[in-house]
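J.: This is the structure, below, for whatever I ask next.
FYI, it's all coordinate maths here, none of it is from the lab. Here the structure is a predicted model, which means the values were calculated and not measured. Cβ atoms come from the backbone with ideal geometry, glycine included; neighbour counts cover every protein chain shown.
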Amino acid sequence: MKQHARDDLQKIAKVDQDFLNREMSRTQRLERWIDLLERSPRQFLSTLRETEFQPSETRAAMRTDSSPISVAFADPVLRAAGLENDSYGEAKRFFELTDHELHGIVCYCHFGETVSSSVVARSIRPLLAGRPPSLFARLRKMLTI
């Protein structure tokens, strides 16, 4: 592979320097993760064991090679958008997920030792619809009508 300086590339191609520095919405980040998983739908990924039983500090640090989270972390676009590592806590922060939502995506108790990427993608897809309003938001709406 021949390497070129960025200035040299500008002479022969249009280089979008902001491509890897774009802000991504939660929906865009989740869609990108789904797309990455669906590129190799038959790939088997490792799950995390008993995430729901771990203390929050331990759970946040949990990771394993070849997990659904590591698929996201391997992507330069998601890393440039702010994904810092392939830990449970970082995925929770970056994708703006609750423990309950992330548990349903990566935990052993749902899938066993491994899970296919297509199954993980299907488990993320419902999160694109957004979260229903909280109980307090619904009560507030009822009282203001």
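J.: Counting other Cβ atoms within 10 Å, which trypsin sites (Lys or Arg not before Pro) in segment 36-130 have at most 11 and lie in a DSSP loop?
T.: Within segment 36-130, the qualifying trypsin sites (Lys or Arg not before Pro) (loop, at most 11 other Cβ atoms within 10 Å) are Arg42.
J.: Take each of the peptides 23-34, 101-112, average the number of other beta-carbon atoms within 10 Å over its residues, and list them starting from the highest.
T.: Going by the mean number of other Cβ atoms within 10 Å, highest first, we get 101-112, 23-34.
J.: Working only with C-alpha atoms, what are the Rg and Dmax values of segment 23-130, expressed in angstrom?
T.: 12.4, 35
J.: Please compute the modelled spin-label separation between Ser118 and Phe53, points set 7 Å along Cα→Cβ, answer in nm with one decimal.
T.: About 3.2 nm separates the two model spin labels.
J.: Need the full-extension length gain, Asp35 to Arg140, defined as separation in residues times 0.36 nm minus the C-alpha distance. One decimal, nm.
T.: Extra length available between Asp35 and Arg140 comes to 34.1 nm.
J.: Between Ala129 and Arg93, what's the calculated FRET efficiency when r is the beta-carbon distance and R0 is 25 Å? Round to 0.05.
T.: Using R0 = 25 Å, I get an efficiency of 0.75.
J.: Taking 25 Å as R0, compute the FRET efficiency from the Cβ-Cβ separation of Glu84 and Gln43 and round it to 0.05.
T.: E between Glu84 and Gln43, to the nearest 0.05, is 0.60.
J.: I want to check the label-to-label distance for His110 and Asp75. Put each point 7 Å from Cα in the C-beta direction and report it in nm to one decimal.
T.: Reported label-point gap for His110 and Asp75 is 1.7 nm.
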